[in-house]
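Any read-out appearing in this document is the output of simple, stated calculations on the displayed coordinates, not a laboratory observation. Note that the coordinates shown come from a computational prediction; the quantities given were computed from them, not determined experimentally. Because the Cβ atoms are built from the backbone with ideal geometry, glycine has one as well, and the counts that use them run over all protein chains shown.
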There are 2 protein chains.
Amino acid sequence: MVEGTRRKRGGGGAARRAERTSGKIVTAGTITRQIPDYELLSAEALEIIERNAETVLEEVGVAFVENPAALQRWREAGADVRGEIVHIPRGLARKLCATAPANFTQIARNSERNVEIGGRNLVLAPIYGPPFVRDAGGRRYATMEDFEIFVKLGHMSPWLHHSGGTVCEPTDIPVATRHLDMLTAHMTLTDKPFMGSVTEPSRARDSVEMTDILFGGLRDRTALISLININSPLTFDSIMMGALEEYATANQACIISPFIVGGAMAPVSVTGTLTQVLAEVMAGVAYSQLVRPGAPVIFGAFVTSIDMNSGAPTFGTPEAAQITYGAGQLARRMGLPYRSGGSFCGSKLPDAQAAYETANSLNAGLLAGVNFMLHACGWLEGGLVADFEKFVMDADQLGILHKMAAGVDHGTEAQALDAIREVGPGGHYLGCEHTQAHFKAAFWRSGLFDYKPFETWLEEGARDTRALAQAKMAKMLADYEAPPLDPAIREALADYVARRKAGLDGVAA
Amino acid sequence: MVEGTRRKRGGGGAARRAERTSGKIVTAGTITRQIPDYELLSAEALEIIERNAETVLEEVGVAFVENPAALQRWREAGADVRGEIVHIPRGLARKLCATAPANFTQIARNSERNVEIGGRNLVLAPIYGPPFVRDAGGRRYATMEDFEIFVKLGHMSPWLHHSGGTVCEPTDIPVATRHLDMLTAHMTLTDKPFMGSVTEPSRARDSVEMTDILFGGLRDRTALISLININSPLTFDSIMMGALEEYATANQACIISPFIVGGAMAPVSVTGTLTQVLAEVMAGVAYSQLVRPGAPVIFGAFVTSIDMNSGAPTFGTPEAAQITYGAGQLARRMGLPYRSGGSFCGSKLPDAQAAYETANSLNAGLLAGVNFMLHACGWLEGGLVADFEKFVMDADQLGILHKMAAGVDHGTEAQALDAIREVGPGGHYLGCEHTQAHFKAAFWRSGLFDYKPFETWLEEGARDTRALAQAKMAKMLADYEAPPLDPAIREALADYVARRKAGLDGVAA
């Protein structure tokens, strides 16, 4: 077995090998679900939502702000454009969405880490976007050093398929060139796939250019997934749409994702929120197909509810789970890959609250049929904070999704009838032949949690999960080795970045 | 509205009212699922398991140890009894199980707290069995005072339907009379339903006698649910069966529950374990019906896996979830109420590990179609410890199960089409009419977690979930008031206990 290259589906073997391997990592393969999705909503409810979403698109319309080219595209496609509001006749958006692929491959520079997006697959990516980080010392503004540490931790996390994008906002470097440094980190510190910048169309272009260099020519292959948030309700701003236009033109993938705090950016009801989500995603996906038919896109849903006492967004709630399930059903009915779920929580600390809320979200994400799970580890405090300890905790829990998705084997060996015969009433299975043959792969095992006898645990300092995560993080970073990269490519990337930084010098930081 | 008596299904209203109510409690009503069950295993897999379970019953058989009367009952029913091993011909156990009711009512002394067991209902009961307790001060042996505190906390927990049984083992009072004090606590400190003693047939008899006093004559009504563990693999000991015989004869309910650490008491494979679980439950339920056809029983499955490194049982694992789902499917196919799920975890502390593991178990229990969830709050350290902080945390999380089970409303008002029209692109929903009409009941809200702004949270001491739980526990106990009880009944119970204690004086403690 060649460590660092082999892919393996599900099970605990890959992780255990990864645990033992110093300096190299093994990533468990793409998750292909062998289990059914959970269909929370009835067909009747889904049909009502679909009908109402069409009504919203036609009657209420969607705003494409400061984007005359977009309005022109819509006009040519047959929409009724009044001012900046695009009224999409019933049926048109769905028809346009039909050219979007049901699944696609995102390539990584190590082809063993390519990921399949869509169908029965689940791809896991880390937290995205927080301005703060938290570690054992407390909460502070994130730096580029923090960013690089997260990329290294992601590289060393066997259950994580993807290096993500803005794992935290490196606030110590200029805004105008930050994306160049973030991309460099993802391209050089890991060989997992990653995301592009969306904060300016020109930064999307930089993302594509640098990716083209990394891959020695993209030749229309998809190597970037980028997060295009919709300005809910029903508004598509020119920055996000500009980035989408860049990516779609280059055949790079976009997540078209409403960003909704329920009760504020969408109705307080689950059915009303799903209606708006569907209308928004349909408009966004349809627009991507106007830019380039066949461009890869993902049906996104980031939905949280609001605490009506404090106004804070809340996470891991039943309403969020209901929307996660319902949006998954709507995405499947559209034949589109689905992005939702994640390590969501509102807690200020990686404590029990954080873990309950996160586990609720991860469980719903798995059974809702999510194909791309952004924020799958490291999320804290409503997404304001990327937490080092929680990154390690969540990344460990992701192993459960791998094992659950693999389903239950009911072949002859798994039936274990001979073992039951061998052991008989009152016996025990520890020594029996079937147990000896299968125990190593039988049970998923955390690479982090405490499973020790009470007395041992006491002697070792009575550590809680945070303390265990600190120790594990230190080991992961000590064991980290950068994956090899052709020096010529590394140099070409550095040249590009230097040239762009020179050009962007003087742009507001 | 009459506080302390009103029943309300799901939603957050009941809990919020309970939060505000000093000295009285409001219990949310029985959970009746409006959502589908998650069907993890295929029909093919289930049929294989059912066929194999019959093979096990016929070929391997089950042991009824030191129980000649049981062997005689089996012989008369047509089983092939060899020594203490009962070989049950294919089809016989299932035929005998057919007289067990698909659902039944467990009455409480406050009839508003009666619970329906079976069908689409989910009833939540607290932890059962631990010799230790843990609070902010650490871990120690449990006392009767701890026991009473847990009963009071259970009474004050709005999402908890049931007072449970041995919420902890009061190790400071004699074993021989402990059950009398525990029953007294459940009967006097709360008016929620409770469980009977199973550690001796005579104690089961005491449980029935005291319950008869409490209810002024049981008259065949079911007022006790008791936990009959099977000594897996495939062994039914005379103490547990003696208790079952007492309860079944008196038409009181029993949970027939294999107690399995996978890899030790059952095969390491999920399918093999489910086969053994089904065989054991079928034998136990069939036996209950031999004692009294129509006696109420519950299909139980307590299954954990083993950590092959330390030998410790592990919780919140994917294998445990798979078995929880699979056993639920098997129970439904038998038409029996199902007991599984719970606040299971292996952690030594109520930390993130505990919460991840617990949330994994609670989520699986909800979607697996569990009807009676024992251990739904307070479980720590593999069940060795009843934890006060975690009891409060878990009991709060149970509100999520209530809300999830209520399903998604897709009526006209919930569709919120007019709200979407009213707000339009770029607006916000906070002030709109639909939001104002519905925001109070729209989102489930934790009665424990931190939802405050970061700065407020800091000023208030940067409390973690444990600290919040300590504060909440203090408030619950300060607000506690015992529900009224007829003084004559109270006296009759005390008399019974005094007489029994006198009679049991000198019995080994």
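Numbers at a glance
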| item | result |
| --- | --- |
| Relative contact order %, segment B:337-406, counting alpha carbon pairs below 8 Å whose residues are six or more apart | 35 percent |
| Prolate/oblate/rounded call for the protein assembly as shown, Cα gyration tensor, a/c under 1.5 rounded | prolate |
| Cα gyration tensor, segment A:352-509 - rounded (a/c under 1.5), prolate or oblate | prolate |
| Per-residue mean of C-beta atoms belonging to partner chains within 10 Å, peptide B:298-305 | 1 |
| Calculated label separations, B:A467, copies of the chain, 7 Å along the beta-carbon direction, nm | 1.8 |
| Per-peptide average of other Cβ atoms within 10 Å, ordering B:484-496, B:415-427, A:35-47 highest first | B:415-427, A:35-47, B:484-496 |
| Sequence of B:R339, B:R178 once ranked by neighbouring C-beta atoms within 10 Å, starting from the fewest | B:R178, B:R339 |
| 7 Å along Cα→Cβ, label-point gaps from A:A492 to other copies, nm, shortest first | 9.1 |
| Shape of segment B:185-308, Cα gyration tensor, a/c cut at 1.5 | prolate |
| Antiparallel %, DSSP beta bridges [both residues in the protein assembly as shown], to 5 | 45 percent |
| Exercise: per-residue mean of other protein chain Cβ atoms within 10 Å, A:399-410 | 6 |
| Residue order, fewest to most surrounding Cβ atoms within 10 angstrom, among B:L477, A:L183 | B:L477, A:L183 |
| Sum of -39500 (n - 2.57) over DSSP H runs of 4+, divided by residues of the protein assembly as shown (222 nm, nearest 500) | -13500 deg cm²/dmol |
| When each of A:K390/A:K501; A:K192/A:K475; A:K152/A:K403; A:K390/A:K475; B:K348/B:K440 is checked by Cα-Cα distance, pairs over 26 Å | A:K390/A:K501; B:K348/B:K440 |
| For B:S238, A:S340, B:S111, order by how many other beta-carbon atoms lie within 10 Å, fewest first | B:S111, B:S238, A:S340 |
| Ascending list, in nanometres, of distances separating the A:F215 label from those of the other copies (7 Å, Cα toward Cβ) | 7.0 |
| Per-residue mean of C-beta atoms belonging to partner chains within 10 Å, peptide B:453-460 | 2 |
| Chain A: DSSP helices with Cα axial extent of at least 30 Å and average Kyte-Doolittle hydropathy no lower than 0.0 | A:270-291 |
| Hydrodynamic radius of chain A per Kirkwood, over alpha carbon pairs, in Å | 23.7 Å |
| In segment A:441-470, the GluC sites (Glu not before Pro) that fall in loop regions by DSSP, at most 14 other Cβ within 10 Å | A:E460 |
| Rg to Rh, two decimals, where segment A:368-459 supplies the alpha carbon set and Rh follows Kirkwood | 1.12 |
